[in-house]
1. Based on DSSP H runs of at least 4 residues, each adding -39500 (n - 2.57), what is the mean residue ellipticity at 222 nm of chain B after dividing by all its residues, to the nearest 500 deg cm²/dmol?
2. Work out, in µm²/s and without decimals, the Stokes-Einstein translational diffusion coefficient of the protein assembly as shown at 10 °C, 1.306 mPa s, Rh from Kirkwood over C-alpha pairs.
3. Show me, for the stretch A:92-109, the HN-Hα J-couplings you get by feeding each phi into the Karplus relation (A = 6.51, B = -1.76, C = 1.60, θ = phi - 60°), rounded to Hz, glycine and proline as x.
4. Residue by residue through the stretch B:285-302, what is 3J(HN,Hα) from phi via Karplus (6.51 cos²θ - 1.76 cosθ + 1.60, θ = phi - 60°)? Round to whole Hz and write x for glycine and proline.
5. Check which residues have an amide H placed less than 5 Å from B:GLY73's amide H, if you skip close sequence neighbours.
6. Could you tell me the ratio Rg/Rh of the stretch A:6-146? Both radii from Cα atoms, Rh via Kirkwood.
7. Hey, got the average number of other protein chain Cβ atoms within 10 angstrom for residues in B:139-151?
8. Report the Cα-based extents of the stretch B:229-325 along its three principal axes, largest first, to the nearest Å.
Amino acid sequence: MTSYTLDVYMPVIILMALAVGLVVVAVFVAQVLRPFKPSALKEQAYECGEDPVGTAWSNFNVRFYVVSLVFIVFDVEGALMFPVAAIFRKFVAIGEGAVLVGSLLVFISVLVFGIIYCWSKGDLDWVRSFQLSEDQVNQLKGIEEKA
Amino acid sequence: MSPSINDYLNQFEAHRKAIGFISEVLGFDASGLVTFLVFAVASFLVVNVMALVGGLGTYAERKISADIQLRQGPNRVGPYGLLQFLADGVKMLMKEDIFPAQADRTLFNLAPLLALIGVFATLAVLPFSSGFTLTNLNIGVFYLIGVSSLVGVAVFLGGYSANSKWSMLGGMRGASQIISYEVPVTITILSIVLISGGMSFGSFVETQGGFPHQWYILHNPFTFIAFFVFFIGMLAETNRAPFDLPEAESELVSGYHTEYTGMRFGLFALAEYIEVFVLCGVAAAAFLGGYKVPFDLGNGVVFVEKLGLPAIIGKNIGQLLQMGSFLTKTLFLYYVVIWVRWTFPRIRVDQVMTICWKYLTPIALFNLVGITLWVFAFDGQSIWEVLSHLGGGAHGGGH
């Protein structure tokens with residue numbers, strides 16, 4: 001492979017510009033052709049014919065937050081492993097593969113322990129059961145009786 | 001494989017002469033300008049072909065679903081209803097654009113734009129053939145994974161900005177699903193990087209061969225599993241059934257694009273269909289030998305030497321064969337994606353997360369360990385080469 005210049009990144013910029021151009025042209029052409037008769041009823045949020053109650057921007061299930069935290073760990077680890085993976089074959093070819101196998105296995109074991117930890121914590125279950133154990137129930141009963 | 005389409009053209013005498021001629025006429029060195037023009041024209045071409053693929057994708061989707069459900073499908077506009085997607089496009093242009101009163105207008109406008117930017121930018125590295133790849137970035141697949149996650153941002157923004165409950169639910173589901181399935185997809189791609197020894201699509205495809213036993217899907221038992229992990233992850237990343245929860249019409253009306261009308265909705269749909277094609281292309285390049293043609297017909301040497309054709313024609317016949325090979329594999333996977341959509345029922349949201357985190361991710365990690373050890377133990381040889389060594393060269397497989 002020949003040396004890299006920034007020339008090869010030119011299509012990336014051009015394609016992004018084309019995407020912007022397509023959106024601008026499409027929306028502009030639509031603006032010219034389409035009817036425009038706004039009314040309060042039309043601009044209501046769709047709730048199957050009922051008047052919308054409140055806003056949609058409200059508290060949300062915390063599960064989504066946990067998933068994104070777990071994702072960040074895995075994604076960063078994956079991103080860090082890419083350069084190692086790319087030079088792996090060359091190291092194997094000159095007989096130095098054991099170093100990279102070791103480092104890759106350390107990385108992967110971090111991920112494996114991560115997923116085992118999340119799993120045992122119950123963070124991978126979408127629907128978590130909050131049923132109390134018998135001990136906890138008895139404890140609560142004890143508190144109640146004291147009161 | 002040439003680093004970009006510009007380098008591919010530069011090897012031809014005619015192209016260099018044309019640059020010289022243009023430089024003479026304009027009175028300055030025009031090679032930079034020509035480079036830009038080559039990239040611009042090629043990008044424009046690719047975008048147009050992809051828009052056509054996206055349009056025909058909607059047609060194919062309806063025709064195949066009609067076949068599966070014993071219906072006719074679109075058959076009025078044009079021969080066999082082939083022009084249906086143009087009629088749909090015109091209809092979307094004519095539809096009134098409605099902004100929900102309570103929406104965040106800036107983000108509402110931005111979301112389809114982000115989706116389209118993310119999808120179009122991935123086209124830059126898609127290897128159609130060894131010459132016609134817009135640019136063979138040395139970080140190819142890493143770049144593709146990064147840029148395509150813009151679509152996830154767009155899905156979430158689209159759902160959030162509309163301030164409608166259906167949209168919000170769809171957007172949240174979409175975001176969590178897309179980022180979750182990125183984990184197994186990234187890890188399976190990582191295992192292919194391990195075997196091929198490079199992150200560019202050039203190194204992915206050039207280290208494979210034209211015949212199925214030289215493809216990475218049959219390289220060793222682990223890659224065979226990795227292909228299916230990738231394919232399932234890909235379905236979820238593109239919100240295709242059975243993972244189409246972000247736009248589940250029977251429970252969330254239309255999910256994250258409930259409040260979108262007219263052209264904005266059309267742009268979302270276009271981005272989605274092109275993304276399916278792009279990811280099918282990635283699967284074909286990484287696992288199914290990409291643009292490789294059997295008997296090395298792709299480099300065109302045979303046409304030049306045996307048939308006596310001029311180099312420029314022979315080479316480009318080879319390029320066409322390579323493009324045919326790539327498109328055949330990609331469109332076959334596209335067909336399978338549509339087939340899966342109309343065959344399997346949608347799964348529940350907790351099952352989506354279970355499949356990703358409790359099945360696909362551990363399997364992908366296991367595969368990664370397996371492939372690391374395989375490459376280390378057998379010096380990156382495929383199972384056929386290893387077997388032929390064991391059998392004293394009795395089986396004639398390998399490169």
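Only the coordinates and a few stated rules stand behind these numbers; no lab work does. Source: prediction; values computed, not measured. Using ideal geometry, Cβ is built from the backbone for each residue, glycine included, and neighbour counts are taken over all protein chains shown.
1. So the calculated ellipticity at 222 nm is -21500 deg cm²/dmol.
2. Stokes-Einstein gives a translational diffusion coefficient of 62 µm²/s.
3. 4, 4, 8, x, 10, x, 4, 4, 6, 4, x, 5, 5, 5, 4, 4, 5, 5
4. So the Karplus estimates, Gly and Pro as x, are 6, 7, 10, 10, x, x, 8, 5, 10, x, 6, 6, 5, x, 7, x, 5, 4 Hz.
5. none
6. When Rh is taken as the Kirkwood radius, the ratio is 1.21.
7. The shielding value for this peptide is 2.
8. 63, 33, 14
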